[in-house]
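Encoded as structure tokens, the structure appears first; notes follow it.
The values are calculated or read from the model by the stated rules, or taken from the named source; none is laboratory data. On a predicted model such as this, the values are computed, not experimentally measured, just so you know. Positions of Cβ are backbone-derived with ideal geometry, glycine not excepted, and every protein chain shown enters the neighbour counts. When the accessible area is computed, the model is the full protein with side chains, heavy atoms only, and any ligands, DNA or RNA have been set aside. Shrake-Rupley method; radii C 1.70, N 1.55, O 1.52, S 1.80 Å.
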Amino acid sequence: MSDIKSFHWADITADKIIREKGDKDTYTVASGITPSGVVHFGNFREVITVDLVARALMQRGKKVRFIYSWDDYDTFRKVPANMPKQEELKELLFQPIVDVFDPFGEYSSYAEHNEKVFEKDLPRVGIDYVEFIYQNKKYRSKTYNPEIVKVMDNKDTIASILQEFKTSELGENWAPLSTYCEKCNRDRITITGYDKATKNITYKCDLCGHEGTENLETSNRLKLPWRVDWPMRWAFENVDFEPGGRDHSSAGGSRDTASIIVKKVFGKEPPVYIPYDNIGIKGFNGKISSSKGNVITLKEILDVYEPEMVRWIFSSYKPNAAFDLAFDLDVLKNYEDFDRLERTVYGLENVKEDKKAVATRIYELSQLNPMGKIPDTIPFQPSFRHLCNILQINDFDKEKARKYYEADIKTPRDERRFNERADRAIFWIQNHAPEDFKFIINKEKRTDINLSDNEKKFIDALKSELQNNWDLYQTDRDLQNKIGNLVSEFELTPEIYKKLYQILINRDLGPKLAGFIRSIGKNKILKLL
């Protein structure tokens, strides 16, 4: 691995953590989300941001504890549009998410379904060292009850902090605490009193009308609101670093209030923080949202991009930079850009040393192994565009396509690269590629194309040339020059190229002709001509 320098944002953040938090045995980095719906690719940005910083710390010889909190004790506020059994789910609104059934019938709860799907995909991108914390277990086991007492005893302090950043009054009955109703298990309640001596709260349920009492030291139905829960957990877990989304990072937002609360109420310093921006999907309208059901998952991204490429995309952007991830033809460009970066790392692109150093650091952070060790030799690089053509020429038969690259596949890493890229090429073509990118090689010679005498002579001359001199054309340029010379010799217009594509794939356009002919192979071409 290259000498670690501090020009990448993950390295800069790691150095800041060490500088501000001091030399510690273990640094705790944190992330988390409410599993209110399908965990989408936008949520993944927070996870990979933490992972990249964690790796920078580990590569400096530091121990790291990466905790991921599932806020599955949050209330079930809205039924996402993409969920089945809509009416049955609506009956459970405002109950803890962990108490809502799994509409797919696969897991013990709605929350667990969303959690496990995401947890299974994280190791695919090299994030397999996470400690998952399920907040429903923490609250229901009364782990946080001492912190809840502290919160209620400092109610006025917290109110003044929140009021400083609010334009409206908190209200007479406001409290930095809620509880799930003992009768209906929903959190639409109003706290009507708090006895500091007995640590009892009284409440009335706004939905079923039940009036009850909960003791802060013994109850397992209590729940802190987000703006208080966040700093409480910072203090409880001794968090050294946690990023936050743009909506939390605005002036007076939850990050600002949490930073003051953690100091004044819990006596701790807030973690090092960086904001991250939203991700869009090119051609996908609107903000990605679990509650609306318009989401792209990590699995769906991995159906198109190799794991190292997913990591490369995020390590290439600063967290506060918004970007769109392409599913359209720009997928081809992304693969080309990744391959170019890889060649730069191995000295196969002529670039300045500083540019190579940046590329190398990004490439290290893109590796699946946490220490960023890169292969000794450059992995096999089948062009994604070319591979798409080879697969379509061979009717998506991977084994036939592999024979085209057989001489280049020399190591297990090469084999993995071919298989991963071929699987993704097939998926992308069948699910996302524009229609004019797709083709099927004609099975039989076409006899219905109207050709002039000169065009017929051109076809005959091209067929004869390929039959007799196929092995002479070692590059696409050599063959393209020959085709161009024949077109000039027979005084033809560009219309002949349309007819050639019709002969080959029943389309007016297709892949670059010379390379396409060479990829199709001598026998098939001669049969079609």
Could you please tell me which pairs satisfy a Cβ distance under 9 Å, a separation of 6+ or placement on different chains, a first residue in the range 480-495 that is at positive phi, and a second residue that is surrounded by 13 or more Cβ atoms within 10 Å (Cβ to Cβ) and at pLDDT 90 or above? E491/N454
For the range 295-346, which positions are in a helix (DSSP H, G or I) and small (G, A, S)? S315, S316
Looking at the range 369-391, can you tell me whether even one residue there is small (G, A, S) and open to solvent by 10 Å² or more (accessible area, probe 1.4 Å)? yes
Name the residues in the range 446-464 that are buried (at least 17 other Cβ atoms within 10 Å of the Cβ) and either closer than 16 Å to I525 by Cα or among the aromatic types (F, W, Y) (or both), would you? F458, I459, L462
Could you say whether any residue in the range 89-112 is open to solvent by 50 Å² or more (accessible area, probe 1.4 Å), among the acidic types (D, E), part of a helix (DSSP H, G or I) and touching a residue at least 24 places away in the same chain (Cβ under 8 Å)? yes
Counting only residues that are more than 30 Å from E119 (Cβ to Cβ) and open to solvent by 40 Å² or more (accessible area, probe 1.4 Å), give me the helices (runs of 4 or more DSSP H) lying completely in the range 130-239 with at least 2 of them. 145-153, 155-164
Of the numbered conditions (1) out of contact with any Gly (no Cβ under 9 Å at 6 or more places or on another chain); (2) open to solvent by 10 Å² or more (accessible area, probe 1.4 Å); (3) of a type in the set (F, W, Y), Y335 fails exactly one; give the number of that condition. (2)
Checking the conditions here, which among S36, S69 is open to solvent by 30 Å² or more (accessible area, probe 1.4 Å), within 23 Å of the chain's Cα centre (by Cα) and closer than 30 Å to T190 by Cα? S36
Just a yes or no: is a residue in the range 428-442 more than 20 Å from I301 (Cα to Cα), among the aliphatic types (A, V, I, L, M) and out of contact with any Asp or Glu (no Cβ under 6 Å at 6 or more places or on another chain)? yes
Quick one: would you say D247 is acidic (D, E) and touching a residue at least 12 places away in the same chain (Cβ under 8 Å)? no
Can you tell me which residue is most open to solvent (accessible area, probe 1.4 Å) among those in the range 49-66 that are within 22 Å of V310 (Cβ to Cβ) and assigned to a strand (DSSP E or B)? V64
Those helices (runs of 4 or more DSSP H) lying entirely in the range 348-408 with at least 1 residues closer than 26 Å to Y129 by Cα and β-branched (V, I, T): 353-366
Among the residues of the range 425-457, write down those that are polar (S, T, N, Q), more than 17 Å from I393 (Cα to Cα) and without any contact (Cβ under 8 Å) to a residue 40 or more places away in the chain. T447, N450, S452, N454
Select, from R518, R416, R424, the only residue that is open to solvent by less than 40 Å² (accessible area, probe 1.4 Å) and either at pLDDT 90 or above or under 25 Å from Q381 (Cβ atoms) (or both). R424
Unmet criterion (only one of (1) touching a residue at least 24 places away in the same chain (Cβ under 8 Å); (2) over 23 Å from I97 (Cα atoms)) for T218: (2)
Being of a type in the set (S, T, N, Q) and either modelled with pLDDT of 95 or more or crowded, with 18+ Cβ neighbours inside 10 Å (or both) is the filter here, so list the residues in the range 338-368 that pass it. T344, T360, S366, Q367
Taking E406 and the conditions (1) within 25 Å of the chain's Cα centre (by Cα); (2) among the charged types (D, E, K, R); (3) open to solvent by 90 Å² or more (accessible area, probe 1.4 Å), which numbered condition does it fall short on, given that it satisfies the others? (1)
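Quick grid of which residues meet (1) under 19 Å from E308 (Cβ atoms); (2) assigned to a helix (DSSP H, G or I); (3) open to solvent by 30 Å² or more (accessible area, probe 1.4 Å):
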position: A433; (1), (2), (3): no, no, no
position: D436; (1), (2), (3): no, yes, yes
position: I440; (1), (2), (3): no, no, yes
position: K443; (1), (2), (3): no, no, yes
position: Q467; (1), (2), (3): no, yes, yes
